[in-house]
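Q: Here you go, one structure.
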Amino acid sequence: MALIINLNKTTEELLQEIDKLEPLEKESVLAYIRALNIKRKKRKPIASPEKGVKPLTMAQIDKIKHIVRNQYADK
């Protein structure tokens, strides 16, 4: 199966410039582009739980905080 890619001039120039970079620089450019795409998408806030999920009680939150503090206190 043949793969045909149609690139516009901007994409070709971008790829030529990226080919000149070192591998670590290429990874950082890729991460930056992915971050831009994620930023554009409309995402649901993390703080809003899904339907049917009950928020933690204050007692549960205090217990979690106590456990985490003890873990870091030992180090």
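Q: Would you kindly compute the Cα radius of gyration of the chain and its largest Cα-Cα separation (Dmax), both in Å?
A: 23.0, 61
Q: For segment 12-41, which trypsin sites (Lys or Arg not before Pro) pass both filters: DSSP loop (anything but H, G, I, E, B) and at most 16 other C-beta atoms within 10 Å? Present the calculation step by step, with values, prior to reporting the outcome.
A: Details: sites: K20, K26, R34, K39, R40, K41; in loops: K20, K41.
Loop-located and lightly packed - K20, K41.
Q: Over the chain, how many pairs of lysines fall under 23 Å by alpha carbon, counting only those 8 or more apart in sequence or from different chains?
A: The number of close lysine pairs in the chain is 10.
Q: Using only Cα atoms and rounding to the nearest 10 degrees, what angle (0 to 90) does helix 23-40 make with the longest principal axis of the chain?
A: 70
Q: Next question, about the same structure. Using the Karplus curve 6.51 cos²θ - 1.76 cosθ + 1.60 with θ = phi - 60°, what ³J(HN,Hα) values do you get for each residue of segment 42-50, in whole Hz, with x for Gly and Pro?
A: 7, 10, 7, x, 5, 5, 8, x, 6
Q: Where in segment 1-71 are there GluC sites (Glu not before Pro) that are in a DSSP coil and have at most 12 other Cβ atoms within 10 angstrom of their Cβ?
A: Details: sites: E12, E13, E17, E25, E27, E50; in loops: E50.
Sparse-neighbourhood loop GluC sites (Glu not before Pro): E50.
Q: Related question: So how strong a dipole does the chain carry about its Cα centre when Lys and Arg Cβ are +1 and Asp and Glu Cβ are -1, to the nearest 20 debye? Can you show the working numbers first?
A: Numbers: 16 positive and 10 negative charges, 167 e Å.
Here the size comes out at about 800 debye.
Q: Follow-up. Could you tally the net charge around T11, taking each other residue with its Cβ under 14 Å from the Cβ of T11, Lys/Arg +1 and Asp/Glu -1? Before the final figure, lay out each step's value.
A: Values: positive: K9; negative: E12, E13, E17, D19.
Result for the local shell: -3.
Laboratory data are not the source of any read-out in this text; all were calculated from the coordinates shown. The model shown is predicted, which means the values in this text are computed figures rather than measured ones. Positions of Cβ are backbone-derived with ideal geometry, glycine not excepted, and every protein chain shown enters the neighbour counts.
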